[in-house]
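The values are calculated or read from the model by the stated rules, or taken from the named source; none is laboratory data. Not measured: the values here are computed from a predicted model. Methodologically, a virtual Cβ is constructed for each residue, glycine included, from the backbone with ideal geometry; neighbour enumeration extends over all protein chains shown. All accessible areas refer to the heavy atoms of the entire protein, side chains included, with ligands and DNA or RNA removed. Shrake-Rupley method; radii C 1.70, N 1.55, O 1.52, S 1.80 Å.
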Amino acid sequence: MSRNTSESLQPAPPMVNPSVLSFVTQAMSQFPPESLCFYLPQLVQSLRHDRTGKLQDYVLMLCSRNILLTHQLLWCVARVAPHA
């Protein structure tokens, strides 16, 4: 099976669905920001598929309230971003 064929068989990422994004942000809002540091790599990857901007707004709100989360997010983004 070629790579193109296997990619076409994969379903769309869940974060493309606005209902999933709403649920995720609502569920995460019930946890203290410090506990979300563990999930930052997944959040960074999910931001790539966030067409609504809801997840981006939520992450920005979290970062405005917690400097540790902001610091960890910057390191996650630096690891994922391509080097210029």
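About the centre of its Cα atoms, segment 12-84 shows a dipole size close to 120 debye [charges on the beta carbon of Lys, Arg (+1) and Asp, Glu (-1) only; nearest 20 debye]. Does a label point 7 Å from the Cα of Thr70, set along Cα-to-beta-carbon, have any residues of segment 40-60 with amide nitrogen under 12 Å, and which are they? Under cut-off, by backbone N: 60. Largest first, the residues Val20, Val59 sort by 1.4 Å accessible area into Val20, Val59.
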